[in-house]
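To start, the structure under review is shown below, and the notes come after it.
The values are calculated or read from the model by the stated rules, or taken from the named source; none is laboratory data. Note that the structure is a prediction, hence the values are computed from the model and not measured. Cβ coordinates were reconstructed from backbone atoms using ideal geometry, including for glycine residues, and neighbour counts include every protein chain displayed.
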Amino acid sequence: MSDNILESVAPVRGSLCMEKGAHGRFRGMRLMICGVLTAFALSVAPHRADATRKIEQDDASVTSYILKETGSSNVLMSRDVDKPVSPASLTKIMTSMMAIESGRLDEVVTIPKEATMVEPTRAGLKEGEKIRLRDLVKAAMVNSSNDAAFSIASHLGGSIDSFVTMMNVRARALGMTNTSFTNPAGYDKGIYAGNMSTARDLMILTERAIRNPEFNAIARLDKAVFTELGTGKTYCLKTHNKLLAIYPYTVGIKTGYTARAGRCLIARAIKDRKDLLMVMLDARTDRWSVAADMFDRGFDSNNREQLQPLESPRQDTGVVKAVPVNQQPVNQALVERERALAAIRLKLARQGDAGGSASGVVARRDIKEKSAPSVRVAKRIPAGSRVALTQKAKSQSGQRIALKAKKSRQERVAVKSKIGARQETRLAMKAAKKRSEVRVAMKSTRKAQPAVRTAMKTKRRNSPDAKSAKQRNARKEQLSMSGQQAVRPAKS
């Protein structure tokens, strides 16, 4: 290729040197320009081929994805769209959509204690703070705040379990047959293991959510600013979606990440009246550059061009076939959840409350399992029984809390009485010691009294008054012994 370029350029230079006149000069210049353009095109072509190969390599590092035109059945790219994987914080799209569809966005939510204990991504909400439901949706969508998602669930559902049940019912109504939610934030381990979905189901959910203008306005925000109504504290939360800054045509929507789920992304881009929506799950590479490349390829393609063949579409009949227990595949997430529940039961049993607490945990597990995609569970537990189980779990939870409070009160009373007894003992010992010291002092005083009396007598004897009195007495005795009497003159 380089040899051809040299051959095409060499005659140009020769013609410029040999030909004379205006016509020859213009002809030589035209040939030179053509040669330069040819060389530039040939140099660009390998780089474009390398970029295409890079995109294909990046695509291979994404477990599941789908790129399609919004509101159309025209799928441009896809891979393993029905493979169940953990959706991480993409779960919050369902939580936020249900909050928006409730029509209660102007209601004031009191932050519960349970919401302040979640990890890891939090807005920093405090127990008892009062925040509007609309602002909590912004925090969940923009900053992916788990405490905001749990506060939404507690406010709308009355409890986390009840709201999760509502989420799964809504997913079934939308046709998300391979989705099972265990919490409103996207946890996928411990007691919340089993939170699963697919690229196809998440595409269904997102296309339903973007029909709402309120959702679209929140999904494209790069930060959420709101005020706590009680104290006036201001929250300013930034987005994790870097695609908003690096790709000019993007309009949101949501990011997600956990150690199990990997890097996840649902993004939307609009260019020249062409609206594209993409779902990417478990990306093991730079998801932002891969997303930008996918959008570029989607915008450059014709409307009916399929960049990659879609797997044979699944025929959804609306009925999930029951699989025999001995033929069901082992779900590592469910095994992990069972282990976590067993650990909780063992801990409660050691605390002496194994009966009521263990049954409460079993009821919690049944409530979550009833929302899983299984016809067997749905037939065995009707709607009324599920409500009864939920109420039973709530009552048992209240009983456990009351027993713990009573036990703590009794322990506090026992500690106080023990401390009081110790104080009384110390006071009694001090009083006895003081009495003993007083007795010793009195004894020593009585012993010292004779010596004191003797010293006082000696002191009185040796005093000047005592000496003068002795002298007077001595003179009187001398006068009496001599027989002299005092002579008084006679009266005339």
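The sole residue among ALA451, ALA486 that is exposed (fewer than 10 other Cβ atoms within 10 Å of the Cβ), small (Gly, Ala, Ser) and at pLDDT 80 or above is ALA451. For region 166-192, filtered to residues that are farther than 21 Å from MET280 by Cα and either part of a strand (DSSP E or B) or hydrophobic (A, V, I, L, M, F, W, C) (or both), the residue that is modelled with the lowest pLDDT is ILE191.
Among the listed residues ASN183, ASN195, ASN168, identify the single one that is assigned by TED's automatic domain parsing to the domain that holds GLU69, touching a residue at least 24 places away in the same chain (Cβ under 8 Å) and under 26 Å from LEU243 (Cα atoms).
Values: ASN183 fails: under 26 Å from LEU243 (Cα atoms); ASN168 fails: under 26 Å from LEU243 (Cα atoms).
Criteria check complete, one pass: ASN195.
Would you call ASP80 of a type in the set (Asp, Glu) and at pLDDT 85 or above? Here the answer is yes, as ASP80 does meet what is asked.
Residue by residue, here is whether (1) polar (S, T, N, Q); (2) closer than 13 Å to LYS92 by Cα; (3) assigned by TED's automatic domain parsing to the domain that holds LYS254 holds:
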residue	(1), (2), (3)
LYS130	no, no, yes
MET141	no, yes, yes
SER145	yes, yes, yes
GLY158	no, no, yes
ARG172	no, no, yes
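Suppose we filter region 248-271 for residues that are farther than 22 Å from PRO213 by Cα and not polar (S, T, N, Q); how many remain? Walk me through it before giving the result.
So the first thing to find is which residues in region 248-271 are farther than 22 Å from PRO213 by Cα, and the list is 256-264.
From what's left, not polar (S, T, N, Q): 256-257, 259-264.
Qualifying residue count, region 248-271: 8.
Restricting to region 223-263, name every residue that is out of contact with any strand residue (DSSP E or B) (no Cβ under 7 Å at 6 or more places or on another chain), closer than 17 Å to TRP288 by Cβ and part of a loop (DSSP other than H, G, I, E, B). Answer for region 223-263, where residues must be out of contact with any strand residue (DSSP E or B) (no Cβ under 7 Å at 6 or more places or on another chain), closer than 17 Å to TRP288 by Cβ and part of a loop (DSSP other than H, G, I, E, B): LYS242, PRO248. There is at least one residue in region 222-234 that is under 21 Å from ALA153 (Cα atoms), crowded, with 22+ Cβ neighbours inside 10 Å and in the same structural domain as ASN146 (by TED's automatic domain parsing).
Taken over region 205-221, the criterion of being without any contact (Cβ under 8 Å) to a residue 60 or more places away in the chain and surrounded by fewer than 17 Cβ atoms within 10 Å (Cβ to Cβ) is satisfied by ARG211, PRO213, ASN216, ALA217.
For GLY186, which of the numbered conditions (1) touching a Lys or Arg at 6+ places or on another chain (Cβ under 9 Å); (2) surrounded by 22 or more Cβ atoms within 10 Å (Cβ to Cβ); (3) on the phi < 0 side of the Ramachandran plot fails to hold? The number of the failed condition is (3).
Of ALA153, ALA148, ALA139, which residue is in contact with a Pro (Cβ under 6 Å, 6 or more places away or on another chain) and not basic (Lys, Arg)? First the steps, then the outcome.
Values: ALA148 fails: in contact with a Pro (Cβ under 6 Å, 6 or more places away or on another chain); ALA139 fails: in contact with a Pro (Cβ under 6 Å, 6 or more places away or on another chain).
Checking each option against the conditions leaves just ALA153.
The set of residues in region 229-240 being more than 17 Å from the chain's Cα centre (by Cα) and without any contact (Cβ under 8 Å) to a residue 60 or more places away in the chain consists of GLY232, THR234.
State yes or no: is ALA148 within 24 Å of GLY262 (Cβ to Cβ), part of a helix (DSSP H, G or I) and among the small types (Gly, Ala, Ser)? It is true that ALA148 is within 24 Å of GLY262 (Cβ to Cβ), part of a helix (DSSP H, G or I) and among the small types (Gly, Ala, Ser).
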